[in-house]
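> First, the structure itself, so that you have it in front of you.
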Amino acid sequence: MRPHDRFPHDDPREWLNRAHSNLARSELWTAGVYLEDLCFDAQQAAEKAVKGLLLALGVQHPFIHDLAALFSLVDETGLDVPADVFAAATLTRYAAATRYPGHTRPVTEEDHKAAVGLAKKVVRWVESVL
């Protein structure tokens, strides 16, 4: 796979590049890798896609991981976030708590599959809007 063209940090295309990179990593389950870490990449894919959209909409995004808050910022611009995309706000749990031992139950294969599916939905929606 060829690396993406690089763009400046304030270019929404670079944020989408990073979203695609995290999305690709989220599907690379190999020996020794926790599903929690792959779900973190799925969350990061959704987060970076939404932050790229906010940049395109002229909104300075805060440096937070809370997808519900980021989706609310999109809504404030007048662009409606579809309910099935907003459902990805549940990925926020993978931004911190699941990355450390003992803070939550182990992630299952079903959880992982759902997380990747939600992240893909967010990335596709952002691309369709841009």
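Values quoted throughout were computed directly from the atomic coordinates according to the rules given, and no laboratory measurement underlies them. What you see is a predicted model; the values in this text were computed from it and never measured. Ideal geometry is used to build each Cβ from the backbone, glycine not excepted, and the neighbour counts take in all protein chains shown.
> With springs only between Cα atoms under 10 Å, which of Gly32, Gly117, Gly58 fluctuates most in a Gaussian network model of the chain?
Comparing Gly32, Gly117, Gly58 in the GNM, the peak value goes to Gly32.
> For Leu57, enumerate residues with amide H under 5 Å from its amide H, sequence gap 5+ or separate chain, H modeled in the peptide plane.
none
> State the extension gain, in nm to one decimal, for the chain segment bounded by Tyr100 and Asp5, taking 0.36 nm per residue of separation less the distance between their alpha-carbons.
Stretched out fully, the Tyr100 to Asp5 stretch lengthens by 30.9 nm.
> Mean Kyte-Doolittle of at least -1.0 and a Cα length of 24 Å or more along the axis: which whole DSSP H helices of the chain meet both?
Qualifying helices: 35-56, 109-129.
> Just need the relative contact order of the stretch 34-129 here, percent rounded to a whole number, with Cα pairs under 8 Å and 6+ apart.
Over the stretch 34-129, the number comes to 44 percent.
> Could you list the residues of the stretch 38-65 with an amide nitrogen less than 16 Å from a label point located 7 Å from the Cα of Leu28 in the Cα-to-C-beta direction?
Of the residues in the stretch 38-65, 38-45 have backbone N under 16 Å from the label point off Leu28.
> Can you tell me the length gained on complete extension of the stretch Phe63 to Thr108, counting 0.36 nm per residue apart and subtracting the Cα distance?
13.4 nm
> Give a quick list of chymotrypsin sites (Phe, Trp or Tyr not before Pro) in the stretch 15-59 that DSSP marks as loop, anything other than H, G, I, E or B, with at most 16 other Cβ atoms within 10 Å.
Trp29, Tyr34
> Return the single residue from Val74, Val33, Val107 with maximal mean-square fluctuation; model: Gaussian network over the chain, springs between Cα atoms under 10 Å.
Val33
> Please state the charge dipole magnitude for the stretch 1-71, taken about the Cα centre, from unit charges on C-beta atoms (+1 on K and R, -1 on D and E), reported in debye and rounded to the nearest 20.
Its charge dipole is roughly 200 debye.
> Additional query: Hey, got the dipole for the chain? About the Cα centre, +1 on K and R Cβ, -1 on D and E Cβ, debye to the nearest 20?
Here the chain has a charge dipole of around 280 debye.
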